[in-house]
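One structure is given below, encoded as structure tokens.
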Amino acid sequence: MAFPNVSDIIATTIENRSKRIADNVTKNNAILAKLSQRGNIRTVSGGRLIYEELSFAENGNAGWYSGYDLLPVAAQDVISAAQYDFKQAAVSVTISGLEQLQNSGKEAFIDLLTQRVNVAEASMANMICDGLYSDGTGSSGKEITGLDAAIPLDPTAAATYGGIAQNTWSFWRNKVKNSANTNTLLADMNELWSNLLRGSDRPDMIICDALIWRAYVAALQPQQRFSSMTGGGTAGFGFPSIQFMDCDVVLDGGIGGFCPTGTAFFLNTKYLHYRPHRDRNMVPLAPNKRYAINQDAEVQILAWAGNVTCSGRQFQGRLDVDA
């Protein structure tokens, strides 16, 4: 006998696993793991856009005075907000009527369903992790607005990010270092690093592809300067990490890596944010039964909505090495 009420199981299984799925997406990506550690994964409750407040100028009233000098109290326009569109992603889990009949016991059916939800979970995670590096134009502009938009190769081009024109506002430009090869890698990294410092503000994560990772490891191996894979920082999440200054250098290459070839992103994650919608963070699109109109099958959709945002582009850097 087929398991009764089987048509409710897909939705309830995904609903019961939704937090686990969302957590797995975060924990399986070094960037999102770092943002989670910083507390920069914040859900959005609603609205047409996702807003990220930022300070774009100093307060002009600051100054020295003596005795009875008049103190300036003019209104200061120093706070603005970048704005980001909601992006949506979904993956379906389906099971046919025949499969429901063939899996004749409760345990057999749930085992089949669990495996399909696992595949859907992995597919969604890979899609979001890939999207973290995108410029937001993929899939006709429906993809996440990722690092290629936040930290472009040409920060002075006539382009808008977060609703702010980067060629107009100098505070809204990231730093870039272009290199012909990896022969000067350490010097290039030092130069880019120094251009991203402001007081205690500095990059706290460098994520790179296999080309730059191999060159950097080769430069360090004679000195044997490696951090523990079970220590603090990003390494504590299970990601192999070495150090540059006091910053984790993490590989996102190898099997299934998404970082662009010849690229290292110098990230100050204090100003980067992952903003899923609180009601659409790896949850079933609808808790009700979904049947195909002209097929003997049931489908449930795992859905996500939100975006990646930045509140300080001038603190982000990109090293580009010709492959």
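The values are calculated or read from the model by the stated rules, or taken from the named source; none is laboratory data. Keep in mind the model is a prediction, meaning the values are calculated, not measured. Cβ atoms come from the backbone with ideal geometry, glycine included; neighbour counts cover every protein chain shown.
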(request) Take residue 31 and decide whether it is at pLDDT 70 or above, closer than 30 Å to residue 171 by Cα and touching a Leu at 6+ places or on another chain (Cβ under 7 Å). (result) yes
(request) Pick out the one residue from 262, 233 that is modelled with pLDDT of 90 or more, at positive phi and surrounded by 14 or more Cβ atoms within 10 Å (Cβ to Cβ). (result) 262
(message) I'm trying to understand the selection: among the residues of region 169-184, which are at pLDDT below 90 and not in a loop (DSSP other than H, G, I, E, B)?
(response) 170, 171
(request) Take residue 193 and decide whether it is touching a residue at least 60 places away in the same chain (Cβ under 8 Å) and either on the phi < 0 side of the Ramachandran plot or part of a strand (DSSP E or B) (or both). (result) yes
(request) Keeping to region 134-162, report how many residues are under 15 Å from residue 87 (Cα atoms), surrounded by 14 or more Cβ atoms within 10 Å (Cβ to Cβ) and of a type in the set (Val, Ile, Thr). (result) 2
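Listed here are the residues, each with its yes/no results for (1) over 26 Å from residue 279 (Cβ atoms); (2) at pLDDT below 65; (3) buried (at least 17 other Cβ atoms within 10 Å of the Cβ).
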site: 52; (1), (2), (3): no, no, yes
site: 73; (1), (2), (3): yes, yes, no
site: 77; (1), (2), (3): yes, yes, no
site: 94; (1), (2), (3): no, no, no
site: 104; (1), (2), (3): yes, yes, no
site: 107; (1), (2), (3): yes, yes, no
site: 111; (1), (2), (3): yes, no, no
site: 122; (1), (2), (3): no, no, no
(message) surrounded by fewer than 16 Cβ atoms within 10 Å (Cβ to Cβ) and within 24 Å of the chain's Cα centre (by Cα): which single residue out of 174, 126, 181 fits that description?
(response) 126
(message) I need the full set of residues from region 112-168 which are hydrophobic (A, V, I, L, M, F, W, C) and outside any helix (DSSP H, G or I), in order please.
(response) 132, 144, 151, 153, 157, 158, 159, 164, 165
(request) Could you look through region 133-170, keep only residues that are touching a helix residue (DSSP H, G or I) at 6+ places or on another chain (Cβ under 6 Å) and in contact (Cβ under 8 Å) with a residue 40 or more places away in the chain, and pick out the one that is farthest from residue 303 (Cα to Cα)? (result) 166
(request) Could you please find all residues in region 164-205 being of a type in the set (Lys, Arg) and touching an Asp or Glu at 6+ places or on another chain (Cβ under 6 Å)? (result) 177
(request) Kindly provide the set of residues from region 184-198 that are surrounded by fewer than 18 Cβ atoms within 10 Å (Cβ to Cβ) and touching a Leu at 6+ places or on another chain (Cβ under 7 Å), ordered by number. (result) none
